[in-house]
Amino acid sequence: MKPTRGKTPKKTPRKPPSCAKDPVEVYCRLRPVQEDDELCIEVINTNTIQLKPPEGSHAFRTGNYKETQHFFKFVFSEEYSQKAIYDSIALPLVEDLLHGKNSLLFMYGVTGSGKTYTMQGTPTDGGVLPRCLDVLFNSLGDLQARKYVFKPDRVNGMDVQTEADAMLERQKKELMPPPVAPRTPRTPRAPVTPRTPSTPRRPKKAFPDLDNFVRVPDPTCLSTIDEDNNYAIFVSYVEIYNNQIFDLLEEQPYSLHSKGLTPRNLREDHIHNMYVAMCTEVEVKTTEDAYKVFLKGQAKRKVAHNQLNTESSRSHSVFNIRLVQAPLDSLGQEVIQDKDQIAISQLSLVDLAGSERTHRTNNTGDRLKEAGSINASLMTLRTCIETLRENQTEGSNKMVPYRTSKLTHLFKNYFDGEGKVRMVVNVNPSAKDFDETTHVMRFAEITQEVQVARPTEIRFDIGLTPGRRKANEEYKKLLEENGYDMPPPPPPLLTLGPPFPLLQLSDSCDEETLPHLVAFLAEREKRRRIMEDELARKQGAFRAMLVEPDHELDHLRTANTDLTAKLSSKTRECDRMEKRIRSLEQDNVVLQRTHNMYEKDKRDMASELSEKEKMIQMETQERARLKQALKGAVTNQRDKWEKECNKRVRQTELKLQTEMWVREEKLRQLKQIVQGHEEEESAKKAAKEVLVESFNRSRSPPAQRKNNPPPVRLRHRRSRSASNSVWIDHQPTETLNTETVLQPNKSKNAKRVSNPSMKDIRKTDNYMLTHQEEDSAGELETKIYKADVIPTRGGGRAVQFTDVEKLRSEDPLSSTLGRSKRRVEDDPAEYSGEWTDVETRCAVGLEHRAGSSSVSAVHTVANKKHKKSR
Ligand SMILES: Nc1ncnc2c1ncn2[C@@H]1O[C@H](COP(=O)(O)OP(=O)(O)OP(=O)(O)O)[C@@H](O)[C@H]1O
């Protein structure tokens, strides 16, 4: 709140608040508890208290057992006296008041925590309020102006009048009977609320009797006061009840007493300070006067009994002390009669109603409504403080909802403008109050973060000599001491002539005195005119002398205004930059944190990766080892099976040879018996020799087969090999020459190999395998298997058998068995078995996989056989 001040050249009313800011100072006071009370608060040091959730508290029930610490400007434990608290908290505010600065001091806390006690105290041990008044009057002493020199102008300002006028008014008021204040016309927007019938208006016990209490005053006196000013103190006392403002000093006709007080409106004055319109302001000249006024208002304040406090305040009370000051004139006798030279400062002492929980106070009905209103206004106060803090710390520009509650609206200027704000958080350390106390603590912490513009001190720079009052007093003292013999005042530079002659008439016929006086006055008149001319001439000369510095002054003023504007723009820029720096610093901190987080993640992942790599390496080694072991095992197994197969083949061959020989022997003997022809005998013998020879695995082909017809089925499908593709002709070394004219259709440049290598297979498109064996009749059967060599996906080659040609050599003299067999083969209808056999055989392919050194057999055309069978 800006001090109310006239439009002096030095101090314009609408000047922006000072750039320097101070935080709201929050103090904590603990009240004494009863001996059997469980405590929930411990004082850690002079700035810190610790709250411990007691069993049964809401926090404890929700599992929050943690102790919390709260910091304050100072913590007053129960041992601290009222005097000590006043000296620390309120005395500096009184000093500020005397220097023209505004201050707000409010008591906050749960109901019954000692707010009123701290504010008012007891007659023998006064609280903040009586001590403030004591110190104020002690300090002002004789510097006070006569009563009514300053007069409230009803719009929050002050008028000034001469001491003579003030004396007249004094006489008028003191002679007149006490005035009966007219009822304020009610505005439609603020109707009178019906009084709560059960809410008594009575003083608290601290001041039981208005007239008969003996008070112990505070003797402190401040000496840093400008003695060249005159001062006056005005007090007003209002309460905010159910979000309506009432003037507790309102004079009421006796007949209207029962109808209660009139609600007042809040207004804004010409310098944007909030004030209560039509509020009674009483000028007080002594502490006792002020007390009477206070107690008169206190008698009307609403208090009620509840479970927690026998006399609980049901309203927020505001006791305003306004100090008016104006400089004395050049002689140090009277205040300058210029309204613009008046400065007003204000100290608001606020005793807030206590926040309360209805389940603890057991309030019902009107008390419950009051409690709701109290809590709502406190909540608005809290919201305003929170929004202010947010705006200040985060640079936001949210609207502070001052107007939501009369309480916050009244103190808007303290937070928006200049002033010093202090709060005393009263705390009852009893465990029963824990839940409410935690809320109070939170509010206190937020409040401490709010900054308020520092008030500027008032200086009356009007070019008058300091010490005027002292000089005047000295002069008066001299006057009293010396009477008529006192030395004459210093001669003026210009005089109107000698002193007046003796004007006493000697008798009724005195003809001399009057003409002498006329001549004297004529001379004086003449001198006066000369002096006036001289004065006018000197004034002209002086004005001419003044013009130049005046111009210079104007010039300097303009320059000064420019510089001030530049400075304020620079200051704003600085503020903006500071805000930006703060926000960037915050961003930086966040980024730094994120960076650290990613760095940590990176390290973790790198270590995980190296572990995984190690594991992969170990697995690869293990796999290689297993592969090696498997390869060895496979090789061993294959060798073993090869040996076993060879052994069995040899055994089978031997057995078959023996059986064949026995059969041939039997046949020979049979033939000898049945046929006696020797020629046939010899032919048979020759044939038998051939057979025996072939059975004996003679590798040379029998000569008589040359002329035999080819044992190839004529209708057999020829191979598809007659192309330009590259062939490989695989003929094992023991293959016999069939010497037949029917040769397989193959490329002329087919490469003949006895044991194909992988290299050969890779280069070829087709493959041909010649296989010879002896059939059951002992005839030589030659089979030529044909296959396509197909590259596999893996880069190897698959050999897919597609055809087989069979060539059988037969003895012309052999039995009908051979012929009938041939017949069957010639019949295509009967050939399906053979074909099926070929298809089955051809379904097996040889496959070479890339990187493998061996060739494996695979089933390649399993589905082909299936199709055929359908
Ligand atoms: N520091 C203290 N020393 C001694 N007594 C105290 C102290 N603080 C409070 N008390 C006593 O506690 C009681 C309640 O105090 P008080 O009326 O000041 O509480 P309050 O906070 O104003 O309550 P409400 O909000 O209900 O008005 C009074 O009887 C008062 O004398």
Could you list, ordered by first residue, the pairs with Cβ atoms under 6 Å in which the first is in the range 644-671 and closer than 19 Å to Ser776 by Cβ and the second is modelled with pLDDT under 95 and surrounded by 13 or more Cβ atoms within 10 Å (Cβ to Cβ), at least 6 apart or interchain?
Met660/Phe695
Out of the residues in the range 24-33 that are surrounded by 14 or more Cβ atoms within 10 Å (Cβ to Cβ) and part of a loop (DSSP other than H, G, I, E, B), which is nearest to the ligand (Cβ to nearest atom)?
Arg31
Which numbered condition Lys398 misses (of (1) farther than 30 Å from Leu98 by Cα; (2) buried (at least 22 other Cβ atoms within 10 Å of the Cβ))
(2)
Which condition breaks for Asn397 when tested against (1) assigned to a helix (DSSP H, G or I); (2) modelled with pLDDT under 90?
(1)
If you go through the range 340-349 one residue at a time, do you hit one that is within 16 Å of the ligand (Cβ to nearest atom), modelled with pLDDT of 80 or more, surrounded by 16 or more Cβ atoms within 10 Å (Cβ to Cβ) and not in a helix (DSSP H, G or I)?
yes
Where in the range 34-124 are there helices (runs of 4 or more DSSP H), lying wholly inside it, with at least 1 residues that are within 10 Å of the ligand (Cβ to nearest atom) and of a type in the set (D, E, K, R)?
115-120
Would you confirm whether or not the range 127-135 contains a residue that is within 16 Å of the ligand (Cβ to nearest atom) and not in a helix (DSSP H, G or I)?
yes
The lone condition Ala164 fails out of (1) within 16 Å of the ligand (Cβ to nearest atom); (2) surrounded by fewer than 16 Cβ atoms within 10 Å (Cβ to Cβ) is (1)
In the range 125-138, is there at least one residue being among the β-branched types (Val, Ile, Thr), crowded, with 16+ Cβ neighbours inside 10 Å and more than 19 Å from Arg422 (Cα to Cα)?
no
When only residues in the range 401-442 that are assigned to a strand (DSSP E or B) and within 14 Å of the ligand (Cβ to nearest atom) count, which is surrounded by the fewest Cβ atoms within 10 Å (Cβ to Cβ)?
Ser430
Residues being at pLDDT 85 or above and more than 16 Å from the ligand (Cβ to nearest atom): count how many of those fall in the range 300-332.
10
Of (1) within 16 Å of the ligand (Cβ to nearest atom); (2) at pLDDT below 90, Ile271 satisfies every one except (1)
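The values are calculated or read from the model by the stated rules, or taken from the named source; none is laboratory data. If you're wondering where the values come from, they're calculated on a predicted model, not measured in any experiment. Cβ coordinates were reconstructed from backbone atoms using ideal geometry, including for glycine residues, and neighbour counts include every protein chain displayed.
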